[in-house]
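The values are calculated or read from the model by the stated rules, or taken from the named source; none is laboratory data. Please read all numbers here as calculations on a predicted model, not as lab measurements. FYI the Cβ positions are ideal-geometry reconstructions off the backbone, even for glycines, and counts take in every protein chain you see. Surface accessibility is based on the protein's heavy atoms, side chains included, excluding ligands, DNA and RNA. Shrake-Rupley method; radii C 1.70, N 1.55, O 1.52, S 1.80 Å.
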Amino acid sequence: MDIFGKIKEKLSNEFIDIVEWLDYTDDTIAHRFERYQNEIKNGAKLIVREGQTAVFVNEGQLADVFEPGTYDLTTQNLPILATLKGWKYGFNSPFKAEVYFVNTHLFTDEKWGTKSPITLSDERFGLVEIRAFGTYAFRISDAGKFIVDIVGTDSNFTNYEINEHLKSLIATRFTDTVGEANLPIELYAANTSELSDTCREVMAPEFESVGISLEKFYIENVSMPEDLKKEIFEYSRIDKLDLDKLTKFKTAKAIEAAAKNEGGTAGAGMGMGMGFVLAQQLGGMMNPQMGGQPQMQQAQAAVPPPMPVQVQYFYAVNGTQQGPVSFDQLKALFANRTINRESLVWKQGMANWSALQEVEELKSFLGGSTPPPLPNS
């Protein structure tokens, strides 16, 4: 560009007499009005539309702030800037100043969430972890403070640039708030509206400190591990149930399962015995006036003896230890001549290995049973 082109550019930009900003985006918060060497013509028109605030900055220092309206830029309308520049008698030539337009409309549906689980202490479940997410809405309440503290020299400051800072602030304050609330763990998910209002009150002053107003804050969900959720549901049901009725119901189900057991005569006997107990309990519940209650308590107090433990035997074949086997299996081994009366056997409680014919309960394998002699009279 030749010297005449530069002069033409300077003059065409220097004498632009309208300062305004048309926002065609949804995410721009602050925009710097660009012109040649930041020079503004004396008496130029400043147009600030609804949802905007214009901020004048002189050499990095905050000057005048304009709300929506149309203004003539003279020393009368720029008192702070005139003082900073030392204009005692007005000015007739173009002046330099940075002009920022700040978008003051409501920014809605902004997302937030906890990046990592929050650890809380519950009296019943111990240390538990929860996560939360939701939305919030904000607007710029103090354009001058926002420009100085947040925007700085950024010529086009967007919503994305401030969101990361705000989301970190929200997550930190949310963690502090739920930690101090000390609620039972199940109430965090059931009282999201009240918790949302409390969190907004806690966070609002920190937003205001940088010129931002936190208009809305919503907790959409508070989640926890599935196993903890199941424990809470179970605890809630038990807390509401009549424990005596629950015990009777569980007993009836156990009896029903035992009665269906096809484990032989022992299972059948147990099923019959428990059936009698059930009959007594049901009779007591249906006829409390006939003394059924003491009978039911007595039946509940009866505890069967422990099941007998089957004896296991070890045996030796060609000098090699085999087993363990049950009594019936050992008898079958004797019958097919895998072992004989001389074979060594051992069971728990015996000090040493002994020949099969010397073990009292195994003598029945040898055939016949001779009673001992009668005692002398």
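Per-structure values
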quantity: Segments classed as helices (runs of 4 or more DSSP H), wholly inside segment 133-238, with at least 2 members that are free of Cβ contacts under 8 Å to residues at least 12 places away in the same chain; calculated: 159-181, 185-190, 192-208
quantity: Pair list, Cβ < 8 Å and 6+ apart or interchain, from segment 61-74 residues that are assigned to a strand (DSSP E or B) to residues that are loosely packed, with under 13 Cβ neighbours inside 10 Å and small (Gly, Ala, Ser); calculated: ASP72/GLY43
quantity: Total residues in segment 332-349, condition farther than 11 Å from PHE314 by Cβ, open to solvent by 70 Å² or more (accessible area, probe 1.4 Å) and polar (S, T, N, Q); calculated: 2
quantity: Lone qualifier among VAL222, VAL210 - being at pLDDT 85 or above, buried (at least 16 other Cβ atoms within 10 Å of the Cβ) and more than 30 Å from PHE146 (Cβ to Cβ); calculated: VAL222
quantity: Residue list for segment 93-138, restricted to those being surrounded by 15 or more Cβ atoms within 10 Å (Cβ to Cβ), acidic (Asp, Glu) and within 24 Å of PHE157 (Cβ to Cβ); calculated: GLU98, GLU110
